[in-house]
Amino acid sequence: MREHSDGSGVVAPVMGSYLLPEHWRAPITGWLRWLKSDGRPKDSVAVRRTQITRLARDRADRAPWSLTTQDLAEWLADHPSWTPSYRRAVRAAVRGFYAWARAVGLADHDPASLLPRSRPGHYQPRPIPDDIVERAMSIASPRVQLMLELARDCGLRRAEIAAVHTRDVERHHGIDFLRVNGKGRRERLVPISQSLAERIRERPTGWLFPSPHRASHLCTDRVGKLITAVLPRPWTPHSLRHGYATAAYAVENDLVAVRDLLGHSSVSTTQIYVLAPTGAVLRAGSGARLHSPRGTAA
C-alpha cells in the first residue's frame, strides 16, 4: 500500500481499487474517471481519491447510497483533529461525489447537499525566516536547491514546482518570467531572476524535475518530501510560499499584486499568507491614535 499526503497534516494510505469495500469500488472508480475526463490534474484526482476513500473506509459496512445527511455529518464530526482547511476540502470531495452520483442516476437523492458549511479557521501566516532558508540551501543538493528557490523566490506550490517545464521560461520586454500552471487551471506569469531563467534554459528540454519511474515529472509528494528533508521543524514547503508572499507584500503593500503572484482567486485567501511587517503594524497603530489631548471632565 502506498502513502499519500493530502494536506491534512496526516500521511494517509492510498488504497488500490481492489482494497476498497466492494459496494464502494465501482462508484468511486466512476467518479474519479469523471474527474479525469474533465481534465483534472493527476495530483488533484489523487487527493480527491484519498479523501473519498476515507469515507469508504470508515463506512465500509454501509453502501454509499444508504448514507443520510446526518450520517455524513456525524462522520465529519468523528474527526475533530482535522484542520479547518482540510475539513472543507473533504466536505467538497463528499459533495462532489454525491452530486456526480445524483447527476448520472446512481443515486436518487444527494445527502451531501445539505451538509453544514465548515467555518474557516483563524490562520496565522508563517513566513519562513531567511536564515533558515539559507541554512537549508547550504545542505541541499543542487536539485533541491532549485526547488527551494522556486518555492521561496517565486512562490510556487509543491505541485507547481513538480510540473515546471523548460518551455515555461519566457521573456517579455526584457524581463524573464515563469509561466505557472496553477491550481484551478489558472495560469500566471511570475517574474524571475535572470540567473534562474538561464539555469532553467540550460537544462535539456523537458521537465525540470523528471520522474525516474515514468515519462513525466516528479509527483507532488516527492517534491514535498525532498524539500521537507532539508527544513528543520516546524517549517514546511508551504512556509516558503508564505515567506515569498510576505516579502512581496513588503515591497509595495499591494495585496492585489501579491494575489496575482500567488495565483489566488481572492484577496481574502492572500491575506492568510501575508504577515504584516512589525514596523508597518507599529506605524499603523500609532497613526490611528487620536493625538490631540482630551480635556478632562469638569
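None of the figures in this text is laboratory data; all of them are computed from the coordinates on show. Source: prediction; values computed, not measured. We place every Cβ from the backbone using ideal geometry, glycine too, and count neighbours over all the protein chains shown.
Some points to look at:
- Cα Rg, Dmax, region 130-252, angstrom units: 14.0, 43
- Peptide ranges 171-183, 84-96, 145-157 listed from the most packed, as the mean C-beta count within 10 angstrom indicates: 145-157, 84-96, 171-183
- Partners of Lys183 within straight-line reach, counting aspartates and glutamates whose Cα lies under 13 Å from its Cα and excluding those fewer than 8 residues away in the same chain: Asp43, Glu160, Asp260.
- A crude spin-label estimate for the pair Glu22 and Arg186, with each label 7 Å from Cα along the Cβ direction, gives 4.6 nm.
- Mean Cα-pair separation over length for region 125-196, i.e. relative contact order, pairs under 8 Å, 6 or more apart, %: 19
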